[in-house]
1. With r as the distance between the Cβ atoms of residue 224 and residue 30 and R0 = 30 Å, compute the FRET efficiency 1/(1 + (r/R0)^6) and round to 0.05.
2. Output the antiparallel fraction of DSSP beta bridges having both residues in the chain, as a percent to the nearest 5.
3. With 10 angstrom as the radius, rank 317, 229 by how many other C-beta atoms surround their C-beta, starting from the fewest.
4. Counting only C-alpha contacts under 8 Å and six or more residues apart, can you give the relative contact order of region 8-334 as a whole percent?
5. Across the chain, what fraction of all alpha-carbon pairs, as a whole percent, falls in each successive 10 Å bin from zero upward?
6. Set the Förster radius R0 to 45 Å, insert the Cβ-Cβ distance between residue 87 and residue 291 as r into 1/(1 + (r/R0)^6), and round the FRET efficiency to 0.05.
7. I need two numbers for region 157-227: Rg to one decimal and Dmax as a whole number, Cα atoms only, in Å.
8. Can you tell me which of 11-18, 56-63 comes out highest on packing, and rank the rest after it, using the mean Cβ neighbours within 10 Å?
């Protein structure tokens, strides 16, 4: 039976198990977004037991920087550090992709010195004009090229948690009346443009999309929208969909009463697309994680905060899964 410890091959890339370390910001980069030795050590200490590691969201342009000491992938001079980071993670026999992102109207103008931009004008951000959208899509593609030439096995395009692509997707933040706003088809136009440009740039390397599947708002993004969007993402060349929250963020308070709070959405997207999905949402119990894989609810399970807080947590998690499987085998023998 396929479980959490089972290998998985995606796009010719072998993953030794189904446990994923998701993107989580560390603020360990330099002021200019450069990789530091501390950042390399952080990932090296956590890489050895997971099947796939997703390096934290890295800004594709200065305009899209969210916070101080955020990792950057916006210029060629950052390649040397990124190469060291990818090489060190690979030394643990672990595949690694890097998440690329633009904060949109959440960008910090005190850091960037530039006015934030978004799909629609707000009190603090200006609306992107149609002629500017290709430039933003090109920034993602250039960032993806830097990732691949730096040795990463692929990239994850960030389309969740209220950042730029999610802002275009959600009707709560996209109030445009042109071909990039209004209908679902129009609201996903820019995200799909980005995905297609990134796919063309990276060739046959792994392409993930972090999808903000629901906003948890009656007039926001709904799962039915995201199932249609996910099908389009598959057609555009996405290999794995990483299902999370939209404008509600990655840890909405109203859902934290039980683990696996985005699993239902992931399961529905898996059924709609037939491609691998990553399930997330406060998962800490190894038996539950293993069950999600065994029952084919999701294909991979991401566990975030415990890994952020404890470098050895993933190794302990894997040992618990093995121990539980051994106990189950022994119980069957005793019957």
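Throughout, read-outs are computed from the coordinates displayed, never taken from laboratory work. Model, not experiment: these values are computed from the prediction. Neighbour counts run over all protein chains shown; Cβ positions are idealised from the backbone, glycine included.
1. So the FRET efficiency works out to roughly 0.10.
2. The antiparallel proportion sits near 10 percent.
3. 317, 229
4. Value for region 8-334: 15 percent.
5. Bin by bin from 0 Å, the calculated values are 6, 27, 36, 23, 6, 2, 0.
6. In this case the efficiency is close to 0.80.
7. Both quantities, over Cα of region 157-227: 12.4, 39 Å.
8. Ranking the peptides 11-18, 56-63 by packing returns 56-63, 11-18.
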